[in-house]
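Scroll down for the structure; my scribbles are underneath it.
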Amino acid sequence: MSRTRVYKVAQELGLSSKELIEKLEELDINVTNHMSTIEADEAELIMEILGGEGKSGSSENNAGKENESDLEVIKFAGILTVSELAKLLGKTPAEIITSLIKKGIMATINQEVDIDTANEIAFECGCEIEVEAEEEEEIEGLEIEEDKEEDLVYRSPIVTVMGHVDHGKTTLLDSIRNTNVTEKEAGGITQHIGASVVNISGKKITFLDTPGHEAFTSMRARGAQVTDIAILIVAADDGIMPQTVEAINHAKAAQVPIIVAINKIDKPAANPDRVKQELSEHGLLVEDWGGDIISVPVSAKQNENIDTLLEMILLVAEMEELKANPNRKATGIVIEGELDKGRGPVATVVVQNGTLKVGDPVVVGSTYGKVRAMLDDKGKNVKKAGPATPVEILGLSDVPQAGDQFIVVGSDKIARSVSEKRKDKIRAAQMKASQKVSLDDLFQQM
Ligand code: GTP
Ligand code: MG
């Protein structure tokens, strides 16, 4: 049965992907995003219901537009930046930037372009860009089965705080942890790993402390999306700064909901209204300005309104319907990797699905091992870790990289053989790259 992408259906109907997804929700058809696929006959039906004329009649609707079948499909893996898009479409970055400005988007050459916008530009050139997940080799023992709906249960949200330097990211996280640690832990909490879990009246939120912008980008470039919600922190006395804009673009490209924390409201120079105005200039219209972006004025330093911010995070998480199956072998993402003098390779991971247990054979990027011990965010030894739980794991043969995926496999033997195959592949790629360099050198000398 052939399937079609949500954004293509949207395009046929003359809607944005977002508008179509909203309409589908009203029809009780839930899709994750514009890249989700729908059965072709279901798509036909949707087009009929939503006023289109179905695929056969739609070419008239698209008068002036390229017929879908005439579009040249360009496949792309990785992060689609302005310069990458320019290369793909055979244009200069300046031309792409101009097209973006016409659409009201200010962008720099290294900035990421979301796929919808990229395709609007691509369509004008008679092309269509399809972002592919990084190719995964088919290796026995590595198959990940889709979960059945009935096996899924709600999981806690994984949240990243992003913002400009000194706008209060660390202070906010400290404040969140202190306002929520239990009596016996109060004041004595030690941060052991780059992630922490807070418990708000029985509901948990996992905060990732490490992903600064670079880590966030490099993780996403490798297909690792670990954040469910982005908290954009903006100092009310400083307003939107360059890294705030970067953070906004990252969150938009990752298609995760954004909650704005307008920080430092205790300062005399604080001007939350100016922040809201500036946010609107970057396409984020806050609720009290008639938009749908939640913003919460806070003082991370004086612990003001932090509870409201946490409530909002839980509210957004609830709307996202985040689910996982705890009763399967674990998969997840590496947040940090390091070589510890005494303990050997140590990886901080976040379990995304399943339950990770001590003793599990695991493949992590191109390395592997058997989980010898696990420590939770409070530095306590744990035997297992369920969905959305960050843990530090020991027992790997090598240090993995941030963004590497980990997969629990059936046996130690499978883990080792997958790791070897992946290492071979990396070596082959490195060899190819070095050969290319020497050939290029050769040509340059000629
Ligand atoms: P980087 O990690 O360097 O990007 O900075 P950051 O965003 O983590 O900022 P950090 O939390 O280190 O805060 C920077 C400075 O702002 C510190 O001196 C904080 O004490 C101060 N600060 C943070 N939040 C508030 C606040 O709500 N009110 C006031 N008055 N100062 C704050
Ligand atoms: Mg900091």
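Just one of the numbered conditions (1) more than 30 Å from Val153 (Cα to Cα); (2) away from ligand 2 (no atom under 16 Å from the Cβ); (3) surrounded by 19 or more Cβ atoms within 10 Å (Cβ to Cβ) is not true of Asp273: (3). Looking only at residues of region 63-73 that are of a type outside the set (Lys, Arg) and surrounded by 15 or more Cβ atoms within 10 Å (Cβ to Cβ), we find that the one that is modelled with the highest pLDDT is Leu71.
Here the condition is being modelled with pLDDT of 95 or more and over 17 Å from Ala235 (Cα atoms); of Asn263, Asn271, Asn327, it holds for Asn327 alone. Contact map, region 89-113: residues that are without any contact (Cβ under 8 Å) to a residue 60 or more places away in the chain paired with residues that are among the polar types (S, T, N, Q), Cβ distance under 6 Å, separation 6+ or inter-chain. Pairs shown: Pro93/Ser83; Ile109/Ser83; Asn110/Thr81. Restricting Leu15, Leu20, Leu24, Leu45 to those that are part of a loop (DSSP other than H, G, I, E, B) and at pLDDT 75 or above reduces the list to Leu15.
Within region 243-258, take every residue that is crowded, with 22+ Cβ neighbours inside 10 Å and either in a strand (DSSP E or B) or within 16 Å of ligand 2 (Cβ to nearest atom) (or both) and give me the one that is modelled with the highest pLDDT. Of everything passing the filter in region 243-258, Thr244 is modelled with the highest pLDDT. With respect to the conditions (1) farther than 26 Å from Ala385 by Cβ; (2) assigned to a loop (DSSP other than H, G, I, E, B); (3) modelled with pLDDT of 85 or more; (4) of a type in the set (Gly, Ala, Ser), Ala107 lacks only one, and its number is (3).
Residues are listed down the side, and each one gets a yes or a no for (1) surrounded by 22 or more Cβ atoms within 10 Å (Cβ to Cβ); (2) at pLDDT below 95; (3) of a type in the set (Asp, Glu):
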{"residue": "Gly365", "(1), (2), (3)": "yes, yes, no"}
{"residue": "Asp377", "(1), (2), (3)": "yes, yes, yes"}
{"residue": "Ala385", "(1), (2), (3)": "yes, no, no"}
{"residue": "Leu394", "(1), (2), (3)": "no, no, no"}
{"residue": "Pro400", "(1), (2), (3)": "yes, yes, no"}
{"residue": "Met431", "(1), (2), (3)": "no, yes, no"}
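Exactly one residue among Ile96, Ile79, Ile115 is surrounded by 14 or more Cβ atoms within 10 Å (Cβ to Cβ), at pLDDT below 80 and under 27 Å from the mean Cα position of the chain (by Cα), and that residue is Ile79.
Conditions tested, residue by residue: (1) surrounded by 16 or more Cβ atoms within 10 Å (Cβ to Cβ); (2) at pLDDT 80 or above; (3) within 13 Å of ligand 1 (Cβ to nearest atom); (4) not basic (Lys, Arg).
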position: Leu142; (1), (2), (3), (4): yes, no, no, yes
position: Ile158; (1), (2), (3), (4): yes, yes, no, yes
position: Val161; (1), (2), (3), (4): yes, yes, yes, yes
position: Ser175; (1), (2), (3), (4): yes, yes, yes, yes
position: Gly188; (1), (2), (3), (4): no, no, no, yes
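Among the residues of region 292-335, those that are within 16 Å of ligand 1 (Cβ to nearest atom) and charged (D, E, K, R) comprise Lys301, Glu304, Asp307.
The values are calculated or read from the model by the stated rules, or taken from the named source; none is laboratory data. Values in this document were obtained by computation on a predicted structure and should not be read as measured data. Positions of Cβ are generated from backbone atoms using ideal geometry, with glycine treated the same way; all protein chains shown enter the neighbour counts.
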